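Taking it in order: structure first as structure tokens, then the write-up.
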Amino acid sequence: MVVRIDPAPFDAGAELNRFSARAAGAGAVVSFSGIVRGNGGLSAMEIEHYPGMTEKAVAAILAEAAERWGLLDALVIHRHGRLTPGETIMMVATAAAHRAEAFAAAEFLMDYLKSRAPFWKKEYGPGGATWVAARDDDETALSRWLPEAAFPQDR
Amino acid sequence: MVVRIDPAPFDAGAELNRFSARAAGAGAVVSFSGIVRGNGGLSAMEIEHYPGMTEKAVAAILAEAAERWGLLDALVIHRHGRLTPGETIMMVATAAAHRAEAFAAAEFLMDYLKSRAPFWKKEYGPGGATWVAARDDDETALSRWLPEAAFPQDR
Amino acid sequence: MTLELLYFAWVRERIGLPRERVETRAATVAELVTELSAREARYALAFADLRALRVALDQDLAEFDAPLAGVREVAFFPPMTGG
Amino acid sequence: MTLELLYFAWVRERIGLPRERVETRAATVAELVTELSAREARYALAFADLRALRVALDQDLAEFDAPLAGVREVAFFPPMTGG
């Protein structure tokens, strides 16, 4: 398991290759990369986080995903600080024996990182700077992972 | 859209980087890589395909995914011929404005490639060579994408 | 009518060749299968269980009751296992 | 008891500082919020709508009725927007 919270840019392709090479026995590797979009005239994004809690929260989310889907390995890299359109904000990768588990775990990680890891985005655009509001959608996305809910991996 | 059916090994990380760089306006890129597993003493895998139909079938599946989830771009690379454990068999990548669409489209592509693109796998192991049987699971996976079914992206 | 027949995976192995050209008056895929099965044991063996087979007409998946009129290429193979 | 308070995103901007140390006898997060809000308008403004706020106690998410006994670090922030 790798957690890296770092302002520095990273090479998603190189990370994916390293991750896949290390995940011995995996038949399926899923990756997600989040990229700054320049829509609405956005010129930059600034990501604030809570040092200490971030690493702890992300590691807990990773451990839960690994346990729940029997992952062979998982990775979260998340940048903070100032980013401009086209830059990669973060990535997750999951390795499992089969594809259903790798996909479900990657979606779970993204849903939890969105709303349960202490990051906050501020967007700089033509109208000035605004804090990105959490979306109701993101809370709805979380509810599908509750133990009582029907699990996508059971479909 | 890129479809590449080729026996040659490829660099999944380099493909992911090229794909992400090209997908202007994307906020979300999902990739899947399928890797040969060495379990059960498997020593090699041979993938046969139907030249002509393969390209046509994969292009049709890609076009449907792009249309259905408003993808900005999508990629399928699939090898054929002889592969050994640890080698990457294939990859898909999807680029969309938001993560739900990129994930759903990548899963859709995988489900369809599994059972609707003309590839056949033969495994070489301690007990000799055997053709991989299609799994009922794979047919079940397809049914979730039927127009009447509840779509995961609506959750 | 002249048809190009293609066989893949274990269908190819059972029949013993990857492709062949046949002259037939079969109106549907099912009729073609019956005709081929009557020819030799290896065809009868390959086509013994149609539920285990798939067919493509000119590179599009089709059903066994599909008509052959206008078709040039017929491919028989087991369920696909890509990805 | 001495608490280390941390503020993030617009909570930090409204209060005007990223962290501070406070002496308090508040038994719960809610009591602490009431105490801070009574101090100055900028606190009252930051804590005006608790539904728009989240709290973490020693780096774990908590509810506003959670007790403060044994806690050293309390962080206030808006709903998270990672990923």
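The values are calculated or read from the model by the stated rules, or taken from the named source; none is laboratory data. Not measured: the values here are computed from a predicted model. Methodologically, a virtual Cβ is constructed for each residue, glycine included, from the backbone with ideal geometry; neighbour enumeration extends over all protein chains shown.
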If we scan the range A:134-143, do we find a residue that is within 12 Å of the chain's Cα centre (by Cα) and within 14 Å of chain D (Cβ to nearest Cβ)?
no
Give me the pairs: first residue in the range C:1-22 and farther than 11 Å from C:Tyr43 by Cβ, second residue of a type in the set (Gly, Ala, Ser) and not in a loop (DSSP other than H, G, I, E, B), beta-carbon distance under 6 Å, and six or more apart or on different chains, which are they?
C:Leu6/C:Ala75
At pLDDT 85 or above, farther than 27 Å from A:Ala28 by Cβ and in contact with a helix residue (DSSP H, G or I) (Cβ under 6 Å, 6 or more places away or on another chain) - does that describe any residue in the range A:133-155?
no
Identify all residues within the range D:58-75 that are more than 9 Å from every other protein chain (Cβ to nearest Cβ), in a strand (DSSP E or B) and within 21 Å of A:Leu142 (Cβ to Cβ); write none if there are none.
D:Ala62
Does the range D:2-12 contain any residue that is surrounded by 13 or more Cβ atoms within 10 Å (Cβ to Cβ), assigned to a helix (DSSP H, G or I), out of contact with any His (no Cβ under 7 Å at 6 or more places or on another chain) and of a type outside the set (A, V, I, L, M)?
yes
Taking the range A:15-39 as the region of interest, how many residues are more than 17 Å from the chain's Cα centre (by Cα) and either under 17 Å from A:Thr88 (Cβ atoms) or surrounded by fewer than 20 Cβ atoms within 10 Å (Cβ to Cβ) (or both)?
8
If B:Arg82 satisfies every condition in (1) away from chain C (no Cβ under 14 Å); (2) within 17 Å of the chain's Cα centre (by Cα); (3) in a strand (DSSP E or B) but one, which is the exception?
(2)
Are any residues in the range C:25-57 under 24 Å from B:Thr54 (Cβ atoms) and part of a strand (DSSP E or B), and if so, which ones?
C:Arg54, C:Val55, C:Ala56, C:Leu57
Apart from one, (1) touching a residue at least 12 places away in the same chain (Cβ under 8 Å); (2) crowded, with 17+ Cβ neighbours inside 10 Å all hold for A:Leu42; the odd one out is (2)
What number goes with the only condition from (1) free of Cβ contacts under 8 Å to residues at least 40 places away in the same chain; (2) within 14 Å of chain D (Cβ to nearest Cβ) that A:Lys121 does not pass?
(1)
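Matching residues to (1) away from chain B (no Cβ under 12 Å); (2) free of Cβ contacts under 8 Å to residues at least 40 places away in the same chain:
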site: A:Asn17; (1), (2): no, yes
site: A:Ala21; (1), (2): no, yes
site: A:Gly34; (1), (2): no, no
site: A:Ile47; (1), (2): yes, no
site: A:Tyr50; (1), (2): yes, no
site: A:Glu55; (1), (2): yes, no
site: A:Val58; (1), (2): yes, no
site: A:Trp69; (1), (2): yes, no
site: A:Leu72; (1), (2): no, no
Considering the range B:34-51 alone, what residues qualify as being over 13 Å from A:Ala24 (Cα atoms) and outside any strand (DSSP E or B)?
B:Gly40, B:Gly41, B:Leu42, B:Ser43, B:Tyr50, B:Pro51
Which residues, counting only those in the range A:85-104, are part of a helix (DSSP H, G or I) and surrounded by 24 or more Cβ atoms within 10 Å (Cβ to Cβ)?
A:Ala102, A:Phe103, A:Ala104
